[in-house]
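K.L.:
Please find one structure pasted underneath; my questions will follow.
The values are calculated or read from the model by the stated rules, or taken from the named source; none is laboratory data. Just so it is clear, the structure is predicted and the values come from calculations on it, not from any experiment. Every residue, glycine among them, receives a Cβ derived from its backbone with ideal geometry; neighbour counts consider all protein chains shown.
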Amino acid sequence: MAVLTQEQVEFFQTNGYLIVRQLNDPKTVEDLRVALMEIVDGHNERIRRMGTTTYASGKTVTEFQGIWKSNPVFEDFLGSSRVGEAAAQLLSTDEVRLLYDQCFYKDAKMGGAVACHQDYDYWQFISTPNIVTAWMAVSKVGREDGCVYVVPGTHKMGLIQRFGYNIRRD
């Protein structure tokens, strides 16, 4: 069953990104938020906490990996998610696989900047850059919170060398 319109797929193919508001129902998002708060509060020792950075302001950013393996709410979500259905539609395939999950928990109004990059730069061991990155908020966010920004069309430019190297040898 298609979760995206043909217009959305065409927009993605042209621009390299797509914003889909309310792809998941509010109950699902709330269940994920509650499960995330249990992880943040330390009620799940199986989660991989990669580290917490505390800034001069006292605000923090904590990175988690492998949430889907350590929490049944996230496992169920990723196993039957409309996000996966949308990704398969965007890639014109019947199935997709989760390569990596990463969660950043940031204090409110934290903001923050990550250098402009293509996610494929991190995944060059994959034979083709035919990948989709999904970003999803489980609470209300705005520009002051440090949203994702995109540069439309850069997916058609090939791999842009971010750090002056490119391990691909085509």
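K.L.:
Can you work out which of the residues in region 1-47 that are basic (Lys, Arg) and either surrounded by 13 or more Cβ atoms within 10 Å (Cβ to Cβ) or under 15 Å from residue 139 (Cα atoms) (or both) is modelled with the lowest pLDDT?
P.N.:
21
K.L.:
Can you tell me which condition residue 112 does not meet? The list is (1) modelled with pLDDT of 70 or more; (2) in a loop (DSSP other than H, G, I, E, B), and all the others hold.
P.N.:
Evaluating residue 112 over (1) modelled with pLDDT of 70 or more; (2) in a loop (DSSP other than H, G, I, E, B) leaves (1) as the failure.
K.L.:
Right, next: Counting only residues that are more than 29 Å from residue 118 (Cα to Cα), out of contact with any Phe, Trp or Tyr (no Cβ under 6 Å at 6 or more places or on another chain) and among the charged types (D, E, K, R), give me the helices (runs of 4 or more DSSP H) lying completely in region 3-80 with at least 1 of them.
P.N.:
Filter on region 3-80 gives 26-40.
K.L.:
For region 52-60, check the following and say yes or no: at least one residue is of a type in the set (Ser, Thr, Tyr) and closer than 24 Å to residue 131 by Cβ.
P.N.:
no
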